[in-house]
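The values are calculated or read from the model by the stated rules, or taken from the named source; none is laboratory data. Since the structure is predicted, the reported quantities are computational estimates derived from the model, not experimental observations. Cβ: placed from backbone, ideal geometry, glycine included. Neighbour counts: every protein chain shown. Accessible surface areas use protein heavy atoms only, side chains included; no ligands, DNA or RNA. Shrake-Rupley method; radii C 1.70, N 1.55, O 1.52, S 1.80 Å.
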Amino acid sequence: MNSKYSPIFQPFTLKNGITLKNRMVMAPMTNFSSNQDDTVSDAEVKYYARRSAGVGMVITACTYVTANGKGFHGEFGGDRDEFIPSLKRLASAIKEQGAKAILQIFHGGRQVPPELVNGDVVSASSIPAEGEGKPVPRELSEQEVEAIIRDFGETTRRAIESGYDGVEIHGANGYLIQQFFSPHSNRRDDRWGGSLDKRLNFPLAVVDEVKSVAAKYANDSFIIGYRFSPEEPETPGITMADTLYLIDALSEKDLDYLHVSLMDFWSTPRRGIDDTRSRIEIIQERVGSHVPVIGVGSIRTADEALKALETGIPLLALGREIIMDPDWVQKIAEGKENEIITKIDKTKQHELVVPDPLWQAIIHTPGWFPGV
């Protein structure tokens, strides 16, 4: 290995004492490839196993905690104990390759396709997402809100029983947790909405429930992370100032990491603060001394990873990059960083071990993957 890349391979110890073997993480990515009964498919197990040997930690695609939270066709379920054997298969496949296995848990809220939930699309308020043909969601009752919070806890228990090393609470990408925090989707006037502080209540209640369940059923080594999107394009919507308020609160919750959801590591704030630095640098400066931050977004080469780590961010996630090249990390370790593949090869589906539904999504999404 070229010694200049040694920072990528420095072990990192989380707040709970668990040590990751290096600074690279597999990002959570929807793959649309589960079985018809929402169990993990053989193709998914192979896909994850192929990508789990190099990174220190693998964060799975999201699993829904409530039946009406299923956000995608081909998404594996986590809302019932019957799914524990399915969840266990995936955890075992990841851990056998030497990576920590993290189950991402979520509720899709107003982003759920109506046909997956018999038309019962729900959210913080009856405000549809922007875009043509988006369904108008039903506003959740207070009792339903409290039930969903408990559901996050129950799926955490299932993750523990299934052998996962931790869970990631999915508060990003416009799904239900973010919908409660956003002034666009949350127009409530009860304790779950209204002021900025009240819009923060649902995300923090989910964190508290997950932590409570982990304290009851897991040992101190169980990892709990939280993923968030820094801003929203809608008006009204989450601003960078709102995000700093959110992460200030999250940094007091003794989480093991915060995971930023971005397409570009170096993207800058849209509004809310007067700062020309990248969002991730601002976030790292704000809370990095309290909680480790995972950065992500178009880190395609070893040199780009090195430059990103030089910002002080301790961990980096690979998304599309590790689909295009499952050996991304290993190639750097072997001094073959110049052989990293940075464009998708449409002839290599089987060699890349990519399930059919995900492959179809890749090749039919222009611009999403380099080379497509």
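Of all strands (runs of 3 or more DSSP E) completely enclosed by the stretch 1-107, which ones contain at least 3 residues that are of a type outside the set (Val, Ile, Thr), touching a strand residue (DSSP E or B) at 6+ places or on another chain (Cβ under 7 Å) and at pLDDT 95 or above?
57-64, 100-106
Trp266 passes all but one of (1) part of a helix (DSSP H, G or I); (2) under 19 Å from the mean Cα position of the chain (by Cα); (3) aromatic (Phe, Trp, Tyr); which number fails?
(1)
Restricting to the stretch 192-204, what's the tally of residues that are charged (D, E, K, R) and either touching a residue at least 40 places away in the same chain (Cβ under 8 Å) or open to solvent by less than 30 Å² (accessible area, probe 1.4 Å) (or both)?
The total comes to 1.
Among (1) open to solvent by 20 Å² or more (accessible area, probe 1.4 Å); (2) under 25 Å from Val291 (Cα atoms); (3) part of a loop (DSSP other than H, G, I, E, B), where does Tyr164 come up short?
(1)
Which of (1) buried (at least 23 other Cβ atoms within 10 Å of the Cβ); (2) among the aliphatic types (A, V, I, L, M); (3) closer than 24 Å to Gly225 by Cβ; (4) in contact with a Lys or Arg (Cβ under 8 Å, 6 or more places away or on another chain) does Val45 not meet, given it meets every other one?
(1)
Going by what's in this entry, would Pro230 be described as out of contact with any Phe, Trp or Tyr (no Cβ under 9 Å at 6 or more places or on another chain), surrounded by 23 or more Cβ atoms within 10 Å (Cβ to Cβ) and either without any contact (Cβ under 8 Å) to a residue 12 or more places away in the chain or part of a loop (DSSP other than H, G, I, E, B) (or both)?
It is true that Pro230 is out of contact with any Phe, Trp or Tyr (no Cβ under 9 Å at 6 or more places or on another chain), surrounded by 23 or more Cβ atoms within 10 Å (Cβ to Cβ) and either without any contact (Cβ under 8 Å) to a residue 12 or more places away in the chain or part of a loop (DSSP other than H, G, I, E, B) (or both).
Which one is most open to solvent (accessible area, probe 1.4 Å), of the residues in the stretch 102-122 that are among the polar types (S, T, N, Q) and over 26 Å from Ile160 (Cβ atoms)? Reasoning before the result, please.
Our first condition is that a residue be among the polar types (S, T, N, Q); within the stretch 102-122, this holds for 104, 111, 118.
Subset that is over 26 Å from Ile160 (Cβ atoms): 111, 118.
Details: Gln111: 69, Asn118: 157 Å².
So, considering only residues that are among the polar types (S, T, N, Q) and over 26 Å from Ile160 (Cβ atoms), the one most open to solvent (accessible area, probe 1.4 Å) is Asn118.
Residue under question is Lys331, and the condition is that it be of a type in the set (D, E, K, R), without any contact (Cβ under 8 Å) to a residue 60 or more places away in the chain and either over 20 Å from Tyr48 (Cβ atoms) or not in a helix (DSSP H, G or I) (or both); does it hold?
No, not satisfied.
Does the stretch 333-343 contain at least one residue that is over 17 Å from the mean Cα position of the chain (by Cα), modelled with pLDDT of 95 or more and surrounded by 21 or more Cβ atoms within 10 Å (Cβ to Cβ)?
Looking for residues that are over 17 Å from the mean Cα position of the chain (by Cα), modelled with pLDDT of 95 or more and surrounded by 21 or more Cβ atoms within 10 Å (Cβ to Cβ), one finds none in the stretch 333-343, hence no.
Open to solvent by 20 Å² or more (accessible area, probe 1.4 Å), assigned to a helix (DSSP H, G or I) and modelled with pLDDT of 95 or more: which single residue out of Asp248, Asp189 fits that description?
From the options Asp248, Asp189, the qualifying one is Asp248.
Suppose we filter Pro326, Pro269 for residues that are touching a residue at least 60 places away in the same chain (Cβ under 8 Å) and either open to solvent by less than 10 Å² (accessible area, probe 1.4 Å) or not charged (D, E, K, R) (or both); which single one remains? Steps first, answer last, please.
Values: Pro269 fails: touching a residue at least 60 places away in the same chain (Cβ under 8 Å).
Only one candidate qualifies: Pro326.
Only one residue in Ala129, Ala147 is among the hydrophobic types (A, V, I, L, M, F, W, C), in a loop (DSSP other than H, G, I, E, B) and either at pLDDT 95 or above or under 22 Å from Asp256 (Cα atoms) (or both), so which one is that?
Ala129
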